[in-house]
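See structure below.
No value in this document is a laboratory result; all are computed from the given coordinates. All values derive from a computational prediction rather than experimental measurement. FYI the Cβ positions are ideal-geometry reconstructions off the backbone, even for glycines, and counts take in every protein chain you see.
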Amino acid sequence: MGEEELEAVTRLLKSRSLFRYYGIDHQHEVAAFEADFARFVGVRHAVAVSSGTGALHTALAALGVGPGQEVIVPAYLWVSVVAAVVNQGAIPVLADIDDTFCIDPAAIQRCVTGRTAGIILVHMSGAPGDVEAIRKIADRRDLFLLEDCAQCAGGSVNGRGVGTFGDMAVFSFQMNKNMSAGEGGAVVTSDARLHARAVACHDVGYARDANGRMIFDQPDLCLWGKGYRLDELRAAILRVQLQRLPQTTSAMRGSKYRIRKALARHPSVQLRRIVDPAGDTGAFLITTYRDAETARRVNLALRAEGIVTSPQGVSNVLLTDWGLHLYYNIVSLVRQTSVNQSGFPWTLAQNADSARAYAKGACPVADNLFERSILLAIPSCLSEQDENDIIRAFDKVLPVCAA
Ligand SMILES: Cc1ncc(COP(=O)(O)O)c(C=O)c1O
């Protein structure tokens, strides 16, 4: 955050017009951000929303997901992904990951049933999944592909931006993301119908005219709204953050690949397979070890060397300590809980034939990788000295802890 964000926020506050659709001195900041963001991603349309979670709910509503349908999700994800499926009344089906730490295309094939509506590919921990292969599966099986790019804004595969492969894609601008306004999100698509439905669903359920007035005579767009509009203030911050994004990802990628190169000297470390290093945003480094005990020892030793963030100490972490990113830690999924007495959506007759397996053991490749891997966040402000400190710490601890 710098002077540009401060200027943007001040300008917006002075306008006294913080609502996106109209105001006394309306700045049209959300609309401008949507246009900027769609252009940046490489799609026709973007809808700015108040969170990545809201973006997922909006996208699934636009796609018409509901009871009687299954949506394939990865074992390594964020709780919001399953929450969006469950809240729509559909059944999440877990597919295992591979050494990209994203959903495994072969596992997707095994999960498809006659009830499968689509696939959510989550580009986890800063780097894209094998999206080209997954797009082909979606096409062959006539499934929708929703890309969750919350952790991968600015990423690409073979020169094509993440978010352009899916029928729809979502982004988050929450604090931990590559660009942020504290909270915020976006739904993107090149499909005009899906866009119109997302616009209606993220708001009050109806389309609006150029003056922000609701339209009630479009039968296709008399839907139900979820109330995820973004405000002008955060859009103004996000427009500045978007301009910074290439610089942010290039800095993270530079640091990460310098460290990865140094780690290649150590045969005791396996590095995550990256589908296209040029399109990795660099936000996280994942290293994998022989077994759980080795990973635990390396993690503790790196921490003792000062390779730990403060004050909360969330990085570096063993992946097993990465909370609601791991399917088996999502208690409400494992227990199939409901927000109401009916047991929705688990007890719906339309969902009766869907198989469910959510407890640890359901995705053995993920279970094994989680136990043996460490996640290190890579900030965009690492100096050469910081990078040297990280490399020196690995050089010191690996021969002792992982030999
Ligand atoms: C993969 C993924 N999807 C969705 C979300 C939800 O975003 P938000 O926190 O903005 O609701 C997050 C982030 O928290 C995420 O990491």
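Taking the Cα-to-Cβ direction at residue 13 and at residue 191 and moving 7 Å from each Cα, how far apart do the two end points lie in nm?
Reported label-point gap for residue 13 and residue 191 is 4.2 nm.
Hey, fewest Cβ within 10 Å first, where do 195, 28 land in order? Provide the component values of the computation, followed by the final result.
On the way: 195 21, 28 16.
If I rank by nearby Cβ atoms, fewest first, I get 28, 195.
For a label point 7 Å from the Cα of residue 204 along Cα→C-beta, name the residues of region 22-41 whose backbone N is under 18 Å from it.
22-24
Among residues other than residue 387 whose Cβ falls under 12 Å from its Cβ, what is the net charge (Lys/Arg +1, Asp/Glu -1)?
On the way: positive: 256, 258, 260, 261, 392; negative: 384, 386, 389.
Charge balance in the 12 Å sphere: +2.
Can you bin region 1-91 into rounded, prolate or oblate? Criterion: square roots of the alpha carbon gyration tensor eigenvalues sorted a ≥ b ≥ c, rounded for a/c under 1.5, prolate for a/b above b/c, oblate for the rest. It would help to have the intermediate numbers written out before the result.
Values: a/c = 2.55, a/b = 2.26, b/c = 1.13.
Verdict is prolate for region 1-91.
Based on other C-beta atoms within 10 Å, arrange 202, 325 from fewest to most.
Numbers: 202 28, 325 21.
Taking fewest neighbouring Cβ atoms as first place, the list is 325, 202.
Label-point separation (nm) for residue 175 and residue 400, each offset 7 Å from Cα along Cα-to-Cβ?
Using points 7 Å along Cα→Cβ, the separation is 3.3 nm.
Mind checking the dipole of the chain: about its Cα centre, +1 per Lys or Arg Cβ, -1 per Asp or Glu Cβ, Debye to the nearest 20?
Details: 41 positive and 42 negative charges, 71 e Å.
The calculated dipole for the chain is roughly 340 debye.
Which percent, to the nearest 5, of DSSP beta bridges fully inside region 3-242 are antiparallel? Walk me through the numbers on the way to the answer.
Numbers: 15 of 31 bridges.
Percent antiparallel among DSSP bridges in region 3-242 is about 50.
Toward the positive end of the charge dipole of region 3-242, about the Cα centre and with charges on Cβ (Lys, Arg +1; Asp, Glu -1), which of 102, 78, 30 goes farthest?
30
When DSSP assigns beta bridges and you keep just the ones with both residues in the chain, what percent turn out antiparallel, to the nearest 5? Please list the in-between numbers first.
Details: 25 of 41 bridges.
Of all bridge pairs located within the chain, approximately 60 percent are antiparallel.
What's the extension gain from residue 250 to residue 381 if we count 0.36 nm per residue and subtract their Cα-Cα distance?
On the way: separation 131, 0.36 × 131 = 47.16 nm, distance 1.08 nm.
Gain on extension, residue 250 to residue 381, equals 46.1 nm.
Within straight cross-link reach of residue 256, meaning Cα distance under 16 Å, which aspartates and glutamates are found once same-chain residues fewer than 8 apart are removed?
Candidates past the 8-residue exclusion: 276, 280, 384, 386, 387, 389, 395.
So how far apart, in nm, are the two label points at residue 310 and residue 132 if each is 7 Å from Cα heading toward Cβ?
4.6
By counting other Cβ atoms within 10 Å of each Cβ, how are 100, 58, 113 ranked from fewest to most? Mind showing how you got there, number by number?
Working: 100 20, 58 29, 113 11.
Lowest count first: 113, 100, 58.
Angle, helix 52-62 long axis vs. longest principal axis of the chain, Cα atoms, 0 to 90°, nearest 10?
Approximately 50 degrees, to the nearest ten.
Measuring from centroid to centroid over Cα atoms, what is the spacing of region 181-221 and region 7-49 in Å?
Taking the Cα centre of each part, region 181-221 and region 7-49 sit 15 Å apart.
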